[in-house]
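Report on the following structure.
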């Protein structure tokens, strides 16, 4: 007859007394449990991804690399995390997602004097009975992973700006941030491109702190709303704040996915609008069979899927239009709804007939692939370098057309992940701007507006 028992994963620093003690209890049947001793974070992650079902994960709080991401991976595998804390690490593990904390033989937070007391068998069993489930020997299945839920207070709107390199997406992101900031406070421009250059364009004079420091802060904690501004810089002459990007392209390897998700949620909870400047590459493991590529493209993959609106920038040329179409195809294949895509043709001709031909060409090429809004036309960028060098606002002829269309889009579209007919909190109001002429911004397709 099958016997139910706990199946425990364990990870600790070398020669930890509690680790050896739990293994001894399991070996001698002093507790109804199987104890799988892991030697590294990689082994824990591999076992969590296997078909075997686990009751709980016991982790030494001082293990190098133990953070929010490992807790999230365990929770996604229906494996609650029990942190064994030596009393010297004052982190709120439960706020990071851990089920409970064992410290000095008690489940409550105690003083450092109790840190040397061993974990007792009775206390371990009490905690297991509270947070874990036994596994039948004949049951080799796993519970369905729990779906990730958005941060409940993340009420801000996310506008992601992307495009192939050299097409002007970074300048367009600046223009959108400047235009929206003139109508709404609490606006942030986040440089999330792998080759980040917003610090250069804004002439900040420094590149610290930035997104790396912000994500690291969320890896083992949760900075408060009053601490978040310390990771960004204020730009009084532009009326918005800037989150600077990676200092080197290779630094993407230091970004942990769950910590990044938590950081974005916090930014959206504390800003009315976040404008994200990202790369156009959204390839992941399912497309090219590489987890490394998926992690490298984390910024673009996350922000395009989570965005209320994705602005795609391309030059109004033969090759620019071709590149724009490829980015649109990639984003639709990534799961971005076509109704959330806004094409932008940069350095467009001023002739109305030439613009009409470009709109018709884009519509013809996207038939059967994606039904999009008519493109926004941005003029040739005159005196732009002078404005950047002086730190002055961008020219109105560059800012007004794209801002008007972005505002109209945010007003028309429901928040990401919210069904159109569902009740939801109203997003922060952004006062409407005067509608630009159809020659400069085009118009929404009637079927889109409905």
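The values are calculated or read from the model by the stated rules, or taken from the named source; none is laboratory data. Quick caveat: nothing in here was measured; it's all calculated off a predicted structure. Cβ sites come from the backbone with ideal geometry, for glycine too, and all protein chains shown count toward neighbours.
Can you say whether residue 349 is in contact with a strand residue (DSSP E or B) (Cβ under 9 Å, 6 or more places away or on another chain) and in a strand (DSSP E or B), as far as the supplied structure shows?
Here the answer is no, as residue 349 does not meet what is asked.
Right, residue 380: at pLDDT below 90 and closer than 22 Å to residue 175 by Cα or not?
yes
If only one of 381, 350 is in the same structural domain as residue 174 (by TED's automatic domain parsing) and buried (at least 16 other Cβ atoms within 10 Å of the Cβ), which one is it?
So the residue among 381, 350 that is in the same structural domain as residue 174 (by TED's automatic domain parsing) and buried (at least 16 other Cβ atoms within 10 Å of the Cβ) is 381.
For the stretch 393-416, name all the residues that are touching a strand residue (DSSP E or B) at 6+ places or on another chain (Cβ under 9 Å) and either in a helix (DSSP H, G or I) or without any contact (Cβ under 8 Å) to a residue 24 or more places away in the chain (or both).
401, 402, 404, 405, 406, 409, 410, listed by residue number.
Any idea which of (1) exposed (fewer than 13 other Cβ atoms within 10 Å of the Cβ); (2) at pLDDT 55 or above; (3) assigned to a helix (DSSP H, G or I) is the one residue 118 doesn't satisfy?
In the conditions (1) exposed (fewer than 13 other Cβ atoms within 10 Å of the Cβ); (2) at pLDDT 55 or above; (3) assigned to a helix (DSSP H, G or I), residue 118 misses (3) alone.
One residue is enough: does the stretch 13-29 have a residue meeting the conditions in the same structural domain as residue 101 (by TED's automatic domain parsing) and within 23 Å of residue 216 (Cα to Cα)?
Within the stretch 13-29 (the criterion being in the same structural domain as residue 101 (by TED's automatic domain parsing) and within 23 Å of residue 216 (Cα to Cα)), the answer is yes, since at least one residue qualifies.
Under 6 Å between Cβ atoms, at least 6 apart or on separate chains: pull out the pairs that start in the stretch 368-392 with a residue that is in contact (Cβ under 8 Å) with a residue 40 or more places away in the chain and end on any residue that is surrounded by 11 or more Cβ atoms within 10 Å (Cβ to Cβ) and assigned to a strand (DSSP E or B).
Qualifying pairs under 6 Å: 372/341; 372/343; 373/342; 375/343; 375/345; 376/344; 377/345; 378/346.
Looking at (1) part of a loop (DSSP other than H, G, I, E, B); (2) touching a strand residue (DSSP E or B) at 6+ places or on another chain (Cβ under 7 Å), which is the one condition that is false for residue 47?
It is condition (1) that residue 47 fails.
Read through the list (1) touching a strand residue (DSSP E or B) at 6+ places or on another chain (Cβ under 8 Å); (2) not in a loop (DSSP other than H, G, I, E, B), then give the number of the only condition that residue 20 fails.
Unmet condition: (1).
Conditions tested, residue by residue: (1) touching a helix residue (DSSP H, G or I) at 6+ places or on another chain (Cβ under 8 Å); (2) under 27 Å from residue 366 (Cβ atoms); (3) outside the structural domain of residue 177 (by TED's automatic domain parsing); (4) surrounded by fewer than 19 Cβ atoms within 10 Å (Cβ to Cβ).
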| residue | (1), (2), (3), (4) |
| --- | --- |
| 242 | yes, no, no, no |
| 246 | yes, no, no, no |
| 268 | no, no, no, no |
| 274 | yes, no, no, no |
| 285 | yes, no, no, yes |
| 297 | no, yes, no, no |
| 302 | yes, yes, no, no |
| 310 | yes, yes, no, no |
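Please verify whether the stretch 59-82 includes one or more residues that are modelled with pLDDT under 85, touching a strand residue (DSSP E or B) at 6+ places or on another chain (Cβ under 7 Å) and assigned to a strand (DSSP E or B).
No: the stretch 59-82 contains no residue that is modelled with pLDDT under 85, touching a strand residue (DSSP E or B) at 6+ places or on another chain (Cβ under 7 Å) and assigned to a strand (DSSP E or B).
From 336, 367, which residue is part of a loop (DSSP other than H, G, I, E, B) and at pLDDT below 90?
Of the residues listed, the single one that is part of a loop (DSSP other than H, G, I, E, B) and at pLDDT below 90 is 367.
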